[in-house]
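The values are calculated or read from the model by the stated rules, or taken from the named source; none is laboratory data. As the structure is a computational prediction, the values presented were derived from the model and not from experiment. Reconstructed Cβ throughout: ideal geometry from the backbone, glycine too, with neighbour counts over all protein chains shown. Accessible surface is based on the protein model in full, side chains and every heavy atom, while ligands, DNA and RNA are left aside. Shrake-Rupley method; radii C 1.70, N 1.55, O 1.52, S 1.80 Å.
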There are 2 protein chains.
Amino acid sequence: MTATVTDQRAYNFSAGPAVLPVSVLEEVRDELVCLPGARSSLLEMSHRDKVFVDILHDAENSIRSLLNISDDYSVLFLQGGAALQFSMIPANLLRGTEKSAAYIQTGTWGKKAIAEAKKEGAVNIVYDAADSNFNHVPSAEDYSVPADSAYLYYCNNETIQGVQFPSEPVCPDSVPLICDASSDFMHRPLDISKYGMVYACAQKNAGPAGVTVVVIRKDLLEIGSASLPGYLQYKNHAEADSEWNTPPTFAIWVLGKVARWLTNDIGGLEAMEKLNREKAGLLYNAIDSSNGFYTGHAKPECRSLMNATFVLPNDDLQSKFLSEAADNGLVALKGHRSVGGIRASIYNAMPKEGAQALADFMTAFASKNG
Amino acid sequence: MTATVTDQRAYNFSAGPAVLPVSVLEEVRDELVCLPGARSSLLEMSHRDKVFVDILHDAENSIRSLLNISDDYSVLFLQGGAALQFSMIPANLLRGTEKSAAYIQTGTWGKKAIAEAKKEGAVNIVYDAADSNFNHVPSAEDYSVPADSAYLYYCNNETIQGVQFPSEPVCPDSVPLICDASSDFMHRPLDISKYGMVYACAQKNAGPAGVTVVVIRKDLLEIGSASLPGYLQYKNHAEADSEWNTPPTFAIWVLGKVARWLTNDIGGLEAMEKLNREKAGLLYNAIDSSNGFYTGHAKPECRSLMNATFVLPNDDLQSKFLSEAADNGLVALKGHRSVGGIRASIYNAMPKEGAQALADFMTAFASKNG
């Protein structure tokens, strides 16, 4: 049966929720009705059952090990997605302070984060790429961050525009750097010690929808006020080891399996980065060698390794591209409704064969229709 | 393989996350790697894909149909559990008003809700059962609710204490009645038109952890301020049809399957109530006919149909009970760490055979050890 089911699957370029490793899906399937040794499904098990607590700790430890996270940081599993983080970050770190928070705006997700932050306190947009239609990230000399900022916030990879920071923004030592890594968490090694906080909703690069990973430096836990809604105070979750209330147990289970796959099957984040660069290279090469048939949105130096965004000469060709791609087993390639065009999301779990199949299709389509 | 896996399963009396229908688990397993007709797993599918949007609407419609919910109400699928509702309710309906909110406190969950409400505004505890160790719910003559209250809040079934309201509290027409139905949602028919809002985290009686169902009268959506964190404002979720941000897609999928099981396999909420009364009757009869070997916590007139709580003559016998029960395939019977004793949770998905097996075990254990 397995082979048949797997054969029905297409290469899925969805921007999120997004492709997961087939081996992880098969493991989840096999353990779904009765978790081995547990006498019930994981879905039916108390979050305080030792079996689940071990699963939660294993997921945390896999992430800590992959990213080399020190004990100076807490790793939390929360609900509410990046959207709730947009509010929780300023509610904890800005509300009630005399400070202002610095934001770099390089796309749709950063813009949404800024809108929520403004409800909580003073926001200082130190760089805004809106005027160039969010096609790039700034260089170090393009902006400066006041040393007394509450924090500096940025989104490392803007999925809708397909622009990604090649390295961390410049940030004064006195200012905690906060990164929305929702769409590229664990896509390459990261020096967590440079950050105050890194967070990611899981459903793009790390697992299913329903869980958000927050890696936060422990001193920052002390800033949020106890007058906040309890769920919104990071400290509550850290002190309760992500069991302040019932966590999203299934999503954490799958997230842990994906982290183990990264470690055991891929061989860690350096190997993952190498593979991701190869996959992205295939697509960008298909764009660049199309004699202008495909036009990439992002400036080449900040092209995303996760989401390749491009347009075709006209809407008719775009529709034809999507339809023929689907016939060839290449699905979910339509760009975000806010920008149009084509978006190919090639997260960690997209196999190189998938990127190769799409690149081949792009080249053939361009030569037939160009 | 199915038979073997099912044989490994025990009767699972966990208070939450809790037992699910085996047929639902088997369906989830069979569709996990590739959703029929969808070319990917549900876990990998965009929440804006028509296939998932249909799944979300089907889940909503099943709930609307089971509870006969009119168009005057929105049905929302949120994250953050009951714990976030403890804050969202007063943040939307109390914060910034001149009113006070009325609360009935009959157990641990009501108490937690009150603690969060006090952060948002004036709280008026109109009845408090703490002095009697939360062993009952009040009668209509025990309390009164000021007609200008922002709302009246209560928890219909207190899982930890095992006390349940046999019918709605009395509430002036001018005051929206708000019910935490987390542990008994859809356990029997409910006249939603009596309520301003009914909500339930799913992981006790309706599905897996990670989704919370909110049924809210549409006029109440207008009260919450746009200055709230976006995720906390009910109106945002209602206007976006629960897709204000990525919803917990898997949990909604399973919740929809459970609602369909209630409709098709059980035959609706009247049939469910009849079955639940039979199951609870078996356990309470085992307590009442034990000549005092078992002592129930709740007063008989407000015994929970969902969680039967009781103690044995001493701790040694309690440990022996738990250990021998597990040997007999009856697991997760330990009472909540805050109160001790035994708690048997017999939610909708616990088959009558499971309640019968526990009742038989209880009677045999009492006669051997009494």
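Couple of notes before you dig in:
- Residue that is farthest from the other protein chains (Cβ to nearest Cβ) [pool: residues in the range A:237-288 that are of a type in the set (S, T, N, Q) and over 17 Å from the mean Cα position of the chain (by Cα)]: A:ASN285
- Unmet criterion (only one of (1) in contact with a His (Cβ under 9 Å, 6 or more places away or on another chain); (2) free of Cβ contacts under 8 Å to residues at least 24 places away in the same chain) for B:SER139: (1)
- The residue pairs whose first member lies in the range A:144-166 and is in contact (Cβ under 8 Å) with a residue 12 or more places away in the chain, whose second member is among the charged types (D, E, K, R) and buried (at least 22 other Cβ atoms within 10 Å of the Cβ), and whose beta carbons are closer than 6 Å, counting only pairs six or more residues apart or on different chains, are A:CYS155/A:ASP180; A:ASN156/A:ASP184; A:ASN157/A:ASP184.
- Single match in A:TYR195, A:TYR231 (criterion: under 17 Å from the mean Cα position of the chain (by Cα) and in contact (Cβ under 8 Å) with a residue 12 or more places away in the chain): A:TYR195
- Picking from residues in the range A:83-98 that are out of contact with any Asp or Glu (no Cβ under 6 Å at 6 or more places or on another chain) and not β-branched (Val, Ile, Thr), the one that is most open to solvent (accessible area, probe 1.4 Å) is A:GLU98.
- Residue in the range B:99-123 that is nearest to the other protein chains (Cβ to nearest Cβ), counting only those that are open to solvent by less than 20 Å² (accessible area, probe 1.4 Å) and closer than 23 Å to B:SER225 by Cβ: B:GLU116
- Candidates A:SER182, A:SER144, A:SER193 - the one that is farther than 23 Å from A:ALA271 by Cβ, among the polar types (S, T, N, Q) and modelled with pLDDT of 95 or more: A:SER144
- Answer from A:GLY296, A:GLY341, A:GLY335 - the residue that is within 14 Å of chain B (Cβ to nearest Cβ), crowded, with 17+ Cβ neighbours inside 10 Å and under 27 Å from the mean Cα position of the chain (by Cα): A:GLY335
- Top-ranked residue of the range B:131-154 - restricted to ones that are open to solvent by 10 Å² or more (accessible area, probe 1.4 Å) and among the polar types (S, T, N, Q), ranked as farthest from B:THR309 (Cα to Cα): B:SER144
- Residue count, the range B:311-335 (criterion: without any contact (Cβ under 8 Å) to a residue 40 or more places away in the chain and touching a Ser or Thr at 6+ places or on another chain (Cβ under 6 Å)): 1
One line per residue, one yes/no per condition, for (1) more than 10 Å from chain A (Cβ to nearest Cβ); (2) open to solvent by less than 10 Å² (accessible area, probe 1.4 Å):
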{"position": "B:GLU31", "(1), (2)": "no, no"}
{"position": "B:LEU43", "(1), (2)": "no, yes"}
{"position": "B:PHE52", "(1), (2)": "no, yes"}
{"position": "B:ASN61", "(1), (2)": "yes, no"}
{"position": "B:SER74", "(1), (2)": "yes, no"}
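- Selection status of A:ARG39, charged (D, E, K, R), in contact with a Gly (Cβ under 9 Å, 6 or more places away or on another chain) and more than 23 Å from A:GLU239 (Cα to Cα): yes
One line per residue, one yes/no per condition, for (1) within 11 Å of A:PHE77 (Cβ to Cβ); (2) open to solvent by 30 Å² or more (accessible area, probe 1.4 Å); (3) among the acidic types (Asp, Glu):
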| position | (1), (2), (3) |
| --- | --- |
| A:ALA209 | no, no, no |
| A:TYR231 | no, no, no |
| A:ASN264 | no, yes, no |
| A:GLY268 | no, no, no |
| A:GLU273 | no, yes, yes |
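- Search result, residues across the range B:311-332 that are more than 14 Å from chain A (Cβ to nearest Cβ), in a loop (DSSP other than H, G, I, E, B) and either open to solvent by less than 30 Å² (accessible area, probe 1.4 Å) or among the acidic types (Asp, Glu) (or both): B:LEU312
- Breaking point among (1) part of a helix (DSSP H, G or I); (2) touching a Pro at 6+ places or on another chain (Cβ under 9 Å), for B:SER46: (1)
- Residues satisfying the stated conditions in the range A:299-310, i.e. open to solvent by 10 Å² or more (accessible area, probe 1.4 Å), in contact with a helix residue (DSSP H, G or I) (Cβ under 9 Å, 6 or more places away or on another chain) and in contact (Cβ under 8 Å) with a residue 60 or more places away in the chain: A:LYS299, A:ARG303, A:LEU305
- Breaking point among (1) within 19 Å of B:ALA298 (Cα to Cα); (2) crowded, with 16+ Cβ neighbours inside 10 Å, for B:ALA366: (1)
- Residue within the range A:155-167 that is over 27 Å from A:ASP219 (Cβ atoms), within 14 Å of another protein chain (Cβ to nearest Cβ) and buried (at least 19 other Cβ atoms within 10 Å of the Cβ) present: yes
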